[in-house]
Amino acid sequence: MTTTIRTYLNELGIRPEVDVKFQLPVSESIEDAVKEKIGALSDTGALCFTTGEFTGRSPGSRFIVKDATTWKHVNWNPVNQPIDGALFDSLFDRVANYLSSSSSLYIRCARACHHPGFQQHILAITENPCQDIFVHNMFLRTDPQTVKEIDWSVVVASGLKLDDFQELGLPTSHCVCLDFTRKRILIIGTAYTGEIKKSVFSALNFHLPLFHDVLSMHCSANVGEKGDTALFFGLSGTGKTTLSSDKGRRLIGDDEHGWADNDVFNFEGGCYAKTIGLSEKQEPEIFRAIKFGALVENTSFYDGTRKIDFDDRTRTENTRVSYPTDFLTAVEPTGRGHSPQHIFFLSADAFGVLPPIAKLSSEQAMFYFINGYTAKVAGTEMGVKTPTATFSAGFGAAFLPLHPMHYATMLKQKLTQHTGIHVWLVNTGWIAGPYGVGRRIPLTYTRQLVRAALDGSLGDAGFHSIAPFDLSIPRECAGIPPAILDPQQMWDNTEAYRETSGKLKDMFDDNFARYAVDNLVTINQ
């Protein structure tokens with residue numbers, strides 16, 4: 001361990017009683033997990049483990065320290081809940097003492113942000129070898145010997161339960177606490193690895209837009225052979241990872257990006273893909289990435305084998321795999337691309353009334369960005385059992401510490417600055433009726449529509465508008481049955497379609513109205 005890291009560890013109050021496992025090769029962390037029976041190797045060599053009680057994020061137990069810097073910038077709400085600095089310090093001291101006496105401690109130095117002007121060094125401290133592997137897989141490699149300063153410390157005490165949580169004024173015995181000023185992240189009582197990546201993302205969503213004029217985005221990104229960049233916005237389960245991994249295009253990243261001047265850059269060095277229903281035929285890139293070094297969460301094996309059953313929903317719908325981006329064959333090694341030529345807003349429409357694809361005007365782009373409509377997919381968050389219609393500003397409100405209008409205004413400025421950007425609304429959800437009646441649109445159709453948008457052929461036969469959203473939809477697309485393009489034609493009952501679509505449009509308008517007129521001035525200028 002370098003002198004810098006040792007010093008920083010002492011500053012955090014963590015003084016381990018055991019030998020620290022610092023910057024282990026992944027093979028050794030895997031060996032520890034198997035030896036301690038925390039995980040098991042699949043027939044492809046991937047390490048499979050369970051995250052215990054929590055198989056998704058716990059947004060109701062997430063807090064941000066309210067201090068002189070954050071009080072006026074953070075958009076305080078049920079997701080961005082305030083916590084007193086003194087309570088954070090008390091929790092941090094408790095975690096430091098807990099980890100100091102832990103039987104094992106894994107420490108890994110990593111980096112966020114591919115752009116050299118915005119890179120952030122991270123020190124992750126965990127007690128679980130699987131969490132150590134996750135950090136290795138999801139963030140960028142760095143040489144600890146060259147690190148002069150740690151930007152963010154991520155301290156994970158997944159085995160610690162706060163039995164006195166009620167006395168502390170907390171809702172549960174587990175929590176995630178973010179201190180944006182001192183750049184410390186606490187994760188207590190939950191082993192769900194997604195809390196690590198989303199906490200770092202939330203931190204970057206505060207610092208990069210506010211202090212560096214970088215638009216942070218919950219989106220995937222890829223680049224074509226001609227250098228054309230495409231962004232895919234959407235909540236978990238809407239297809240960001242899947243649609244951005246496609247033939248003929250190189251993946252920049254699958255979830256979190258920044259847009260600075262003329263550059264789009266990945267925050268991470270890995271992918272965190274859903275695996276429920278995964279097949280080699282439908283998603284070959286992801287399927288083949290599940291090999292030695294990949295970390296698979298909350299799946300099971302077929303009886304008597306080490307073959308993963310990707311259809312097993314016993315533990316959760318939110319089964320996942322993390323792997324470095326270099327496990328993919330079509331990846332952009334720089335993790336960067338130019339400003340996008342195409343932006344796709346992905347919505348899993350549970351009502352089944354949005355078209356499979358529609359071209360948006362700049363005004364509509366702002367409307368749909370602020371609304372961030374989709375359906376929460378079962379298992380992504382605790383307590384969600386079936387898809388539920390929801391609105392999430394910026395397609396990621398749970399990770400946006402600033403007011404959504406801050407990000408929306410930055411997006412409008414980008415669209416104004418870079419002319420010729422095409423913005424699309426894509427329904428990756430239901431057609432021919434709402435959830436429970438209709439069916440999920442085939443992935444092959446969605447891929448073909450996105451490919452046609454990217455190569456410019458989608459508009460060859462022209463567009464026409466549909467009510468009540470006034471969306472511009474293509475008249476035809478090669479390889480797609482024409483009826484699929486118009487949602488009304490897919491419903492057996494036209495009147496029922498009109499009634500349902502009208503209700504959804506009212507929901508859009510009501511949600512948009514939540515953002516006061518005075519806050520919309522910057523967008524409408």
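The values are calculated or read from the model by the stated rules, or taken from the named source; none is laboratory data. All values reported here derive from a predicted model rather than from experimental measurement. For neighbour counting, all protein chains shown are included, and Cβ atoms are generated from backbone atoms with ideal geometry for every residue, glycine included. Protein only, heavy atoms only, side chains kept; ligands, DNA and RNA dropped before computing areas. Shrake-Rupley method; radii C 1.70, N 1.55, O 1.52, S 1.80 Å.
Here are some notes:
- Extension reserve of the Ser457-Ala478 stretch, reckoned as 0.36 nm per residue once the Cα distance is removed: 6.7 nm
- Remark: relative contact order (the chain) = 14 percent; criterion is Cα-Cα distance under 8 angstrom and separation of 6 or more residues.
- The trypsin sites (Lys or Arg not before Pro) found in segment 473-513 include none that occupy coil by DSSP while having at most 12 further C-beta atoms within 10 Å.
- Diffusion constant of segment 434-500 at 37 °C, which comes from Stokes-Einstein with the Kirkwood Cα-pair radius and 0.692 mPa s, µm²/s: 251 µm²/s
- Taking all protein chains as they are arranged and a probe of 1.4 Å, the heavy atoms of Glu127 leave approximately 30 Å² accessible to solvent.
- Using the 1.4 Å probe convention, the accessible area of the chain works out to 39 Å² per residue with neighbouring protein chains retained.
- Percent of alpha-carbon pairs separated by more than 30 Å within the chain: 48 percent
- For segment 168-281: rounded, prolate or oblate by the Cα gyration tensor [a/c cutoff 1.5]: oblate
- An oblate overall shape is assigned to segment 385-525, the ratio a/c of its alpha-carbon gyration tensor axes (a ≥ b ≥ c) being 1.5 or greater and a/b not exceeding b/c.
- Candidates Tyr323, Thr409, Phe508 compared by Cα position along the dipole of the chain: farthest toward the positive end lies Tyr323, with charges placed on Cβ.
- Student exercise, segment 252-382 dipole from Lys, Arg, Asp, Glu Cβ charges, in Debye to nearest 20: 300 debye
- Each of Trp259, Phe232, Leu243 was scored by the projection of its Cα onto the charge dipole of segment 225-327, and the greatest displacement toward the positive side belongs to Leu243; charges sit on the C-beta of Lys, Arg, Asp and Glu.
- Which of Thr190, Thr172, Thr314 is most accessible, then next, and so on - probe 1.4 Å: Thr314, Thr172, Thr190
- Nearest-0.05 FRET efficiency for Lys505 and Asp67, computed from C-beta distance (R0 51 Å): 0.80
- Placing +1 on the Cβ of every Lys and Arg and -1 on the Cβ of every Asp and Glu, with no other charges, gives the chain a dipole of roughly 340 debye about its Cα centre.
- Peptides 75-86, 217-228, 342-353 ranked from most to least packed by the mean count of surrounding Cβ atoms within 10 Å: 342-353, 217-228, 75-86.
- Fraction of accessible area attributable to carbon and sulfur, the chain (%, probe 1.4 Å): 49 percent
- Shape category assigned to segment 281-378 from the gyration tensor of Cα positions, a/c cut at 1.5: oblate
- In the chain, a dipole from Cβ-located charges (positive for Lys and Arg, negative for Asp and Glu) runs towards its positive end, and of Cys177, Ser29, Asn128 it is Ser29 whose Cα lies farthest in that direction.
- Total charge dipole magnitude, segment 421-484, about the Cα centre, Cβ charges on Lys, Arg, Asp, Glu only, Debye to nearest 20: 280 debye
- Accessible area of Thr416 (1.4 Å probe, protein heavy atoms only, ligands and nucleic acids ignored): about 90 Å².
- Label-reachable residues, segment 95-139, where backbone N falls under 14 Å from a point 7 Å from Val18's Cα toward its Cβ: 98-107, 126-132
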